[in-house]
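The values are calculated or read from the model by the stated rules, or taken from the named source; none is laboratory data. These numbers come from a predicted model, not from an experiment. Reconstructed Cβ throughout: ideal geometry from the backbone, glycine too, with neighbour counts over all protein chains shown. Side chains included, ligands, DNA and RNA excluded: accessible areas come from the protein's heavy atoms. Shrake-Rupley method; radii C 1.70, N 1.55, O 1.52, S 1.80 Å.
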Amino acid sequence: ELMVRKNREVLLIYRNDAEFTGWHMPGTVIRDNESVDEAIARLVRGEVNAKVSTPRSVGWLECSRSETPSRHAIALLHICDLVGEYTGPGQFFDPFNLPIDTLVHHRRMIPEILRRK
């Protein structure tokens, strides 16, 4: 998971697909023969679509498989800052006043990432 910040707000992207409808932090899986850095670069290009500072690791977090049955059980947490303007599909929100339809485990991850930064 990648937390992108601007003016102390966090970037969330709206999803509307078969698995989830609502807001979520940018995230991806690590593909076969792909490094963590390569996966993050792909995520920034594809989902964030903006220039960001070098992402820095703030550790990992175990996720409940019951909340995300088709997803990973361990999330690698990274944080970076927006550099310049953002024109992508997401919006920035106060991390302590997230939309009600934010992915449940992301609502718990965001304060934890901020605590670790």
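Checked against the criterion of being open to solvent by 50 Å² or more (accessible area, probe 1.4 Å) and either touching a residue at least 60 places away in the same chain (Cβ under 8 Å) or not basic (K, R) (or both), the candidates V29, V4 yield just one match: V29.
With the requirement that a residue be open to solvent by 30 Å² or more (accessible area, probe 1.4 Å) and in contact with a Cys (Cβ under 6 Å, 6 or more places away or on another chain), what does segment 99-117 give you? Once the filter is applied, which keeps residues that are open to solvent by 30 Å² or more (accessible area, probe 1.4 Å) and in contact with a Cys (Cβ under 6 Å, 6 or more places away or on another chain), segment 99-117 yields nothing. Applying a threshold of 8 Å to beta carbon distances and a minimum spacing of six or more residues, or different chains, the list of pairs starting in segment 100-115 at a residue that is free of Cβ contacts under 8 Å to residues at least 40 places away in the same chain and of a type outside the set (G, A, S) and ending at one that is part of a helix (DSSP H, G or I) and open to solvent by 50 Å² or more (accessible area, probe 1.4 Å) is empty.
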